[in-house]
Structure formats: C-alpha cells, structure tokens
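Beneath this line is the structure, given in structure tokens, with notes to follow.
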Amino acid sequence: MEGDNAGPEAPFALGPRLRAIRLSKGIGLRELARRLDLSPSSISQIETDKIRPSVRTLYALASEFGVTIDEVLFERTAPSPDAASAAEAGSRTVTEPGLAVQPAENRPAIMLNSGVKWERLMFWADEDVEFIEATYEPGGASSPDGAFVRHSGHEFGHVLTGTLRVVVGFDEFVLGPGDSITFPSSTPHRLSNDGTEAVRAIWVVRGRRGDGASTDRNAR
C-alpha cells in the first residue's frame, strides 16, 4: 500500500480531483491500476481520500493523465483569452512572468504520503515549470526503500535546513544547508531524510511533461 490515512488535516480533496481527471480522460479504474502496477483498491482509496499518494505515485498519475502536477494539486486560474488563443494557434512562445507576490500564509500546499509536504511558491505562465518548497520529515522519502522515480525533465534543488540524502543513478549525495544539486529527471532517483531534523528544500522541475514518467524498484 502506497498511502496512509489522509486525516482531517488534509488541505483539500485531492482524491476527487484525481478521479475527475481520470474520468475526463476516459480511463477505467482497473485499467489505471494495471498501468501503474497498483491494486484497484489502492486507486479507489486514493480517489476517496482514504489514503494519500506517495510522490512517485503522484508523478505516475500525472504522467498517465498527461497533465502537470499543478493541474493535479492546485487550483489554477483559467488562462486569459489571449493566452488561450496563442495556445490554440500552436504558439511556442512562453509569456514571461510579470510582477507577482505569493504571500507565505496562503500559498497552496499538499501533504503526501511518507512524510513529504509540497508548497507551491509561485505559478508561472510556463505550465511546465514546478517551483516548490519541499519538506521531508524525519524518515520521509520520495519513494519506498529500493524504489526510484524517473520522469522527463530536469531538476534543481537547494537545501535550506536539515540533511537530505539524494541518490541519482549509482551516485549518492548527502546535502546540507546551502548545498545545491541538479540532475536529469530521467535518471532514477530517490530523495530521503535519514536524520532527526526536518529537511526544507527549494525544488524546481522543468520539462516534466515530456515523454512521461515511471517508477523503478531495485533499479539505479
């Protein structure tokens, strides 16, 4: 099982949103479970908010649905008519962000399984940029022991507090406050907090929407 009890502190109904996206894509529950190598019961419990998805399951769901993490996790403001027209015209031009402020007290946040919390720091006109603050509680990890995540894109991370263990392929790093890392997201990777202090890190993922995502067990 890849989740735990959602509890009353869950910031919003993630499960119903995932179910709505699945139905809009015309994917059956059993078919989705087969694609993700999960049980139909696990998918059903995620969709009814009985359990939370892990980080790797969340990425796998977004990949199967062909949507961004923002579309899954956070309420997005509808694009302006000009932006919509540009998209319909197949324009590759990305509108540069203008002046914007995101107050800390009301930035969107989501608690995931395995002691991981994501807070969206800023939305950008480029849908394929994820800019978040990630918190890993002691024992928290992006995937279970022996399992690794890989997906399209490139990652940039900067540790603010605590000690973060990062495994990328056959390489392993222990990052402390002030340390940074970047790597191709297509390389199997796992992030974990093996210490006793919570880890806070700034994380940016660019280009995740590419060719999809997958998870590997016992693969590096």
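Since every read-out is calculated from the coordinates, none of them should be taken as a lab result. Everything quoted here is computed from the prediction, not taken from an experiment. Reconstructed Cβ throughout: ideal geometry from the backbone, glycine too, with neighbour counts over all protein chains shown.
The trypsin sites (Lys or Arg not before Pro) found in the stretch 22-66 that occupy coil by DSSP, while having at most 14 further C-beta atoms within 10 Å, are Lys25. Stretched out straight at 0.36 nm per residue, the stretch from Ser39 to Phe156 would grow longer than its current Cα-Cα span by 38.8 nm.
The stretch between Val101 and Glu172 holds 22.0 nm of extra length on full extension. This uses 0.36 nm per residue minus the Cα-Cα distance. Sparsely packed loop sites in the stretch 144-200 (the GluC sites (Glu not before Pro) outside DSSP H, G, I, E and B with at most 16 other Cβ atoms within 10 Å) comprise Glu197.
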